[in-house]
Amino acid sequence: MIDLHSHILAGIDDGASTVDDAIALVNHSALSGVTKVLATPHIHFGTFDNDLASIKKAFAELTLKFQKEQINTAVAYAAEVRICPEIILLAKTKQLPFMGEWQGSDLLLIEFPHSHIPPGSEKLIDWLIKNNIQPMIAHPERNRDLWKFPELLRPFKQRGCLLQITAASLLGDFGERSEKLAWQLIEAHEATIVASDMHNLTRRPCKMKEAFEAVATRCSQAMAERLFTDTPDLIFNSNPTIWTLK
């Protein structure tokens with residue numbers, strides 16, 4: 001399996017606190033069958049003020065530790081960017097860390113606030129697409145507006161936004177409403193990938209194996225492979241920052 005959403009870069013957001021914590025997260029995910037991990041630290045202005053420089057520095061520290069510890073998991077970096085008007089400036093100044101490519105466009109992982117969908121989001125999506133940036137919406141099933149009014153996601157789907165579901169949502173870890181919406185998106189064939197969004201080993205570990213088995217049982221093995229392996233692998237392999245043990 002390939003995990004395209006994780007918070008393993010140490011000390012720059014609410015994920016791994018230390019490089020040793022990151023190693024523990026990656027090793028735990030490897031035991032469940034994850035062979036490639038994309039680090040996606042938050043870029044959320046006023047809360048996690050990361051940029052390309054801070055992400056590259058944390059990634060270099062991680063891969064140095066990987067080299068010393070002989071960690072076989074392949075890693076690369078991007079970011080999970082909170083939707084906001086500043087994204088336009090980041091795009092214009094080439095400061096957006098992309099997940100990779102999707103059908104010739106740069107692929108950007110964006111997130112809504114958990115509470116709502118901000119006004120103007122559709123116009124921002126239009127701008128991104130016009131400028132050859134393909135949005136992938138992180139964990140829409142955990143948005144409280146969408147719990148009540150799932151039809152609010154329709155304009156984004158109509159614009160071609162990709163959707164990433166959190167593995168733990170499918171297992172009920174984020175509550176019944178997130179679980180219900182996650183399965184609705186999976187069963188309607190509207191989800192693009194499933195990823196862990198792992199932060200730590202206690203409350204937010206990797207649940208990829210358990211979620212894969214749930215999708216394979218409830219839907220099909222082919223769907224599970226598409227969501228957890230085939231499509232994520234295409235994206236990961238297009239990322240220019242891949243590091244592997246040599």
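Expressed in Å, the radius of gyration and Dmax of the Cα atoms of the chain are 16.7, 49.
Here the relative contact order of the chain, from alpha carbon pairs under 8 Å that lie six or more residues apart, stands at 23 percent. Taken along the Cα-to-beta-carbon direction at a fixed 7 Å, the label points for Ser115 and Ala188 span 2.6 nm.
Segment 1-118: Rg/Rh from Cα coordinates, Kirkwood Rh?
Over the Cα atoms of segment 1-118, Rg/Rh equals 0.97.
Full extension of the segment from Leu31 to Glu101, taken as 0.36 nm per residue of separation minus the current Cα-Cα distance, would add 22.4 nm. Quick check on my link table: of Lys65/Lys246; Lys36/Lys207; Lys56/Lys94; Lys57/Lys209, which ones sit more than 19 Å apart, alpha carbon to alpha carbon? Listed pairs above 19 Å: Lys57/Lys209. Remark: spin-label model distance Asn132-Ile88 equals 2.0 nm, labels positioned 7 Å along the Cα→Cβ axis. Restriction of the trypsin sites (Lys or Arg not before Pro) in segment 1-95 to DSSP coil positions whose beta-carbon has at most 15 other beta-carbons within 10 angstrom yields Lys94.
Assign unit charges at the C-beta atoms only (+1 for Lys and Arg, -1 for Asp and Glu), then state the dipole size of the chain relative to its Cα centre in Debye, rounded to the nearest 20.
260 debye
First measure r as the distance between the Cβ atoms of Thr217 and Arg144, then evaluate 1/(1 + (r/R0)^6) with R0 = 30 Å and state the FRET efficiency to the nearest 0.05. Once rounded, the FRET efficiency stands at 0.55.
Simple rule: put +1 on each Lys or Arg Cβ and -1 on each Asp or Glu Cβ in segment 2-237, find the dipole, and look at Phe98, Gln221, Leu170; the Cα lying farthest toward the positive end is Phe98. Multiplying the residue separation of Glu210 and Ser238 by 0.36 nm and removing their Cα-Cα distance gives an extension gain of 7.4 nm.
Read the figures in this text as sums done on the coordinates, not as results from a lab. Since this is a predicted model, take the numbers as computed values, not measurements. Glycine gets a Cβ as well: all are built from the backbone with ideal geometry, and neighbour counts include every protein chain shown.
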